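Novice: What follows is a single structure, and I will ask about it in a moment.
The values are calculated or read from the model by the stated rules, or taken from the named source; none is laboratory data. This is a predicted model, so every value here is computed, not measured. As a convention, Cβ positions derive from the backbone with ideal geometry for all residues, glycine included, and neighbour counts pool all protein chains shown. The area values use the complete protein model at the heavy-atom level, side chains included, leaving out ligands, DNA and RNA. Shrake-Rupley method; radii C 1.70, N 1.55, O 1.52, S 1.80 Å.
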Amino acid sequence: GDAATRSLWLDKSAQVGVDTVTTGAAWDSIAPTKPADPTSPSDPAYSFGGLDVAVRDASAHGFRVFVSINRAPAWAEGAGRESSAPPGTWKPDPGALADFATALARRYSGSFDPDGIGPQAPLPAVRLWQIWGEPNLFTNLNPQWEERKNGKEVTFAPGHYRKMLNASYAALKGVSPSNYVVTGGLGPYGDPIKGGR
């Protein structure tokens, strides 16, 4: 939200003893077009402005920042996307996700200055990362199921998510071994519709 609203709620959070704030890194909003150098936090295709402000504000209030990466841009989704799949959910490319995670980890390493030698201090360090949220739900990752030649439906999302998580883990740890990577929390009942549709 706007700066005043954000400051109000960060203040209230501090008053009740909160020590960590979660914010989303919506990959599709930050990189609507494919960067020429997707591992570079300075690539002009990236639009980190909103996330930079959120990280700076939370850090200025004394909070640790926990960034949850989600929603693939269209250029990083797999082929054959079903029309019923929400945007940003269809077979996100694990390698492209790892490149984005690298750019994020470099940007929020604690030493990156987006302005060069500018008026602001380098961006604060982020050490807590989540790869996707509730990847066992159709609203977040697709397809949940796939049909095999014999007509039997089998799960697809768990294996694909494992690839996404492993690639991102390696990327984030490759930038800093002190980065802490959390798996996406699961929806309590999974996809409630048989067959994932």
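Novice: Kindly evaluate V154 against the criterion of being of a type outside the set (G, A, S), in contact with a strand residue (DSSP E or B) (Cβ under 9 Å, 6 or more places away or on another chain) and either at pLDDT 95 or above or part of a loop (DSSP other than H, G, I, E, B) (or both).
Specialist: So V154 fails the test.
Novice: Within the stretch 4-21, how many residues turn out to be closer than 25 Å to W129 by Cβ, loosely packed, with under 14 Cβ neighbours inside 10 Å and touching a residue at least 12 places away in the same chain (Cβ under 8 Å)?
Specialist: Adding up the residues that qualify gives 2.
Novice: Residues that are touching a residue at least 12 places away in the same chain (Cβ under 8 Å) and in contact with a strand residue (DSSP E or B) (Cβ under 6 Å, 6 or more places away or on another chain): does the stretch 91-103 have at least one?
Specialist: no
Novice: Output the residue which, of all residues in the stretch 71-95 that are in a helix (DSSP H, G or I) and open to solvent by 20 Å² or more (accessible area, probe 1.4 Å), is nearest to H160 (Cα to Cα). Walk me through it before giving the result.
Specialist: To start, the set of residues in the stretch 71-95 that are in a helix (DSSP H, G or I) comprises 74-76, 94-95.
From what's left, open to solvent by 20 Å² or more (accessible area, probe 1.4 Å): 74-75, 94-95.
On the way: A74: 17, W75: 17, P94: 8, G95: 12 Å.
My answer is P94.
Novice: So the check is Cβ under 8 Å with 6+ separation or different chains; which pairs have a first residue in the stretch 131-146 that's without any contact (Cβ under 8 Å) to a residue 40 or more places away in the chain and a second one that's open to solvent by 30 Å² or more (accessible area, probe 1.4 Å) and of a type in the set (D, E)?
Specialist: Every condition considered, the pairs that remain are E146/E153.
Novice: Please go through the stretch 51-69 and pick out each residue that is in a helix (DSSP H, G or I), buried (at least 18 other Cβ atoms within 10 Å of the Cβ) and of a type in the set (A, V, I, L, M).
Specialist: L51, A54, V55, A58 - these are the residues of the stretch 51-69 that are in a helix (DSSP H, G or I), buried (at least 18 other Cβ atoms within 10 Å of the Cβ) and of a type in the set (A, V, I, L, M).
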